[in-house]
Amino acid sequence: VMLHLNPISSVHIHQKPLVFLLNSPLPLVWKLKTERLAPGIQRFFFVSLGSVVQFEKGNFSLSAETEEKLFPEKNEQLLQWAQKEYGAVTSFTELKISRNIYIKVGE
């Protein structure tokens, strides 16, 4: 699955840390394509067991961390877990089948 990350239109370059929980019932290869995300900012990608994140060429991967996690099975439980773990959830998306996911990050 290709994950496209871009800042919202009012933000020229996104310069804040991000945390992504990428959950799938089957192991996936998450391929990141980013635009206008500042280098050197910490970004965390937690993936379901057996999944991996592939970064495009460049130094984005130097400031990103990837870790496998055993997530709760149901979406409601996953959302509650994320809120408890991180204090807030700014976006939650469920897709049945997709090859491309577009996410706008920002304020």
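The values are calculated or read from the model by the stated rules, or taken from the named source; none is laboratory data. In this text the structure is predicted, and so the values were computed from the model without any measurement. Cβ coordinates were reconstructed from backbone atoms using ideal geometry, including for glycine residues, and neighbour counts include every protein chain displayed. Only protein heavy atoms, including side chains, enter the accessible area calculation; ligands, DNA and RNA are left aside. Shrake-Rupley method; radii C 1.70, N 1.55, O 1.52, S 1.80 Å.
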(Q) Condition check: over 21 Å from M2 (Cβ atoms) and either touching a Phe, Trp or Tyr at 6+ places or on another chain (Cβ under 7 Å) or in contact (Cβ under 8 Å) with a residue 12 or more places away in the chain (or both). Does Q15 satisfy that? (A) yes
Qualifying residue in the range 67-78 (condition: in contact with a strand residue (DSSP E or B) (Cβ under 8 Å, 6 or more places away or on another chain), open to solvent by less than 70 Å² (accessible area, probe 1.4 Å), not aliphatic (A, V, I, L, M) and not in a strand (DSSP E or B)):
yes
Pairing a residue in the range 46-68 that is at pLDDT below 80 with any residue that is open to solvent by less than 70 Å² (accessible area, probe 1.4 Å) and of a type in the set (A, V, I, L, M), where Cβ atoms lie under 9 Å and the two sit 6 or more apart in sequence or on different chains, gives F60/L32; F60/L37; S61/L32; S61/V53
Scanning the range 20-59 residue by residue, those out of contact with any Pro (no Cβ under 9 Å at 6 or more places or on another chain), outside any loop (DSSP other than H, G, I, E, B) and farther than 18 Å from T90 by Cα turn out to be V29, W30, K31, L32, K33, T34, V53, Q54, F55
Within the range 11-43, of all residues that are touching an Asp or Glu at 6+ places or on another chain (Cβ under 8 Å) and open to solvent by less than 60 Å² (accessible area, probe 1.4 Å), the one farthest from N75 (Cα to Cα) is V11
Per the filter on the range 8-19, residues of a type outside the set (G, A, S) and either outside any strand (DSSP E or B) or modelled with pLDDT of 95 or more (or both) are I8, V11, H12, I13, Q15, K16, P17
